[in-house]
Amino acid sequence: MLGKANKIYNAKAIILYIVYMNSNLIGIKVNGNGTSKYINSKVSQSPLSGISDRVFRKLIRRWAPDSLLYTEMIYASYLEQGKSELKLKEIIEEEGPIGVQLYDYRPDAMAIAAKKAEDAGAFLIDINMGCPAKKITKKRGGSGLLLEPELAANIVNKVSNSVNIPVTVKTRLGWCENSSDTLSFALKMQSAGAKLLTIHGRTRQQQFQGKADWEKIAMVKEKISIPLIANGDINSIDAAIKCLNVTKSDGIMIGRGSLYSPWLVGEIDAVLKGNESFTLPSLKEKVCLILEHLQELLDCEGEHGLLIARKHINWRCRGFPGSTELRHQLMRSSCPKEAIKILENTIVSL
Ligand SMILES: Cc1cc2nc3c(=O)[nH]c(=O)nc-3n(C[C@H](O)[C@H](O)[C@H](O)COP(=O)(O)O)c2cc1C
């Protein structure tokens, strides 16, 4: 049964790869102020606050050895004050390219934090200009910077002058439909020193509602000279190919799709590279992965790890026979030991 599924998958991969052959490069070159980088993949995993921690990144990395992954966004003022440093120290032991994402409205704090991140081994520094959360925008960070393009440019400029590695910006189409001039904002960030732009195809007003507008991302791609990564609603191979074709972007970024399928970034990367040996995890492997994720979170966080794991269980325990019952059992489990036992019993039964 699974052999047949893999054959269908491989055939699909080949067809999609042929479709994709009109776009030639496999990776993305990103310039820096001294240290330029090459990402050997067009597919990246987005920063996800409260999610893209070391344990999550390790999971994504298993299938996506070449892809650019990101830390959760880190408040630069905290790094400046010597806090949150664990989030930087973690990346030293990790394999593959990891971008450190920073947010703040203070250019000096951002420059100091960026230098610390570079020293800790960041592959690049990404500046968050897209987070819609009120607690961030009221501090003039995240998408709040869309309302202050001069300040945003000043931040990019200061950060670029403080590090050798590439400085990039992740943003949205604008603050709201009426106020958004995506292109002039993008060009301003490019002039200020950004070496790559990621655009989530929604405005801040939309938050995560409606559909990501890839056509608008395409309009920006036509006019800027730095590489562009398209983001928003790419949650399958088909969507990835379609988005690349519509936007003509240099790469794509997966966000929420990986919550359900942590292999998605690697799966899409394999298709784009024509790597036919890529195999999806079996049902048993999927359940083993949930157990492994839980155990790693417990190792890092103690009993609190179960609470974090519940979020992931809720996403990952879906779409296979018995997943609903398993999910409910795990959600009801009162302690880590019980959750581990439920998973172990399920694995034995598969
Ligand atoms: C729970 C959650 C946390 C997020 N945290 C961040 C973050 O820290 N930095 C950032 O730039 N974007 C963050 N985002 C936005 C995503 O990176 C991405 O741009 C967005 O989800 C659209 O992509 P998708 O449709 O593939 O999910 C977050 C999104 C979600 C749902």
(message) To the nearest 20 Debye, how big is the dipole of the chain about its Cα centre, given +1 on the beta carbon of each Lys and Arg and -1 on that of each Asp and Glu?
(response) 620
(request) Taking every pair of Cα atoms in region 16-172, average 1/r, invert it to obtain the Kirkwood radius, and report Rg/Rh to two decimals. (result) 0.98
(message) Using only the Cα atoms of region 283-349, what are the Rg and Dmax in Å?
(response) 10.6, 31
(message) Rounded to whole Å, give me the distance from the Cα center of region 244-306 to that of region 150-190.
(response) 29
(request) Anything over 25 Å Cα to Cα? Flag those among Lys83/Lys337; Lys37/Lys311; Lys29/Lys216; Lys29/Lys158, in the order listed. (result) Lys83/Lys337; Lys37/Lys311
(request) Provide Rg and Dmax in Å for region 22-273, with only Cα atoms included in the calculation. (result) 16.2, 49
(request) State the three equivalent ellipsoid semi-axes of region 47-96, derived from the C-alpha gyration tensor as the square roots of 5 times its eigenvalues, in descending order and whole Å. (result) 22, 11, 8
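Mean residue ellipticity at 222 nm from the helices of the chain, using -39,500 (n - 2.57) per DSSP H segment of n ≥ 4 over the full residue count, to the nearest 500 deg cm²/dmol?
-15000 deg cm²/dmol
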(message) Suppose R0 equals 45 Å. What FRET efficiency, 1/(1 + (r/R0)^6) with r the Cβ-Cβ distance, do Met219 and Glu338 give to the nearest 0.05?
(response) 0.30
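At 1.306 mPa s and 10 °C, plugging the Kirkwood radius over alpha-carbon pairs of region 91-154 into Stokes-Einstein gives what diffusion coefficient in µm²/s?
129
Scan region 144-229 for trypsin sites (Lys or Arg not before Pro) in coil per DSSP, keeping those whose Cβ has at most 10 other Cβ atoms within 10 Å, and list them by number.
Filter output for region 144-229: Lys211.
A short reminder: the numbers here are calculations on the coordinates, not readings from a lab. Just so you know, these numbers come straight off a predicted model, no measurement behind them. Counting neighbours? That spans all protein chains shown, and the Cβs are built from the backbone with ideal geometry, glycine included.
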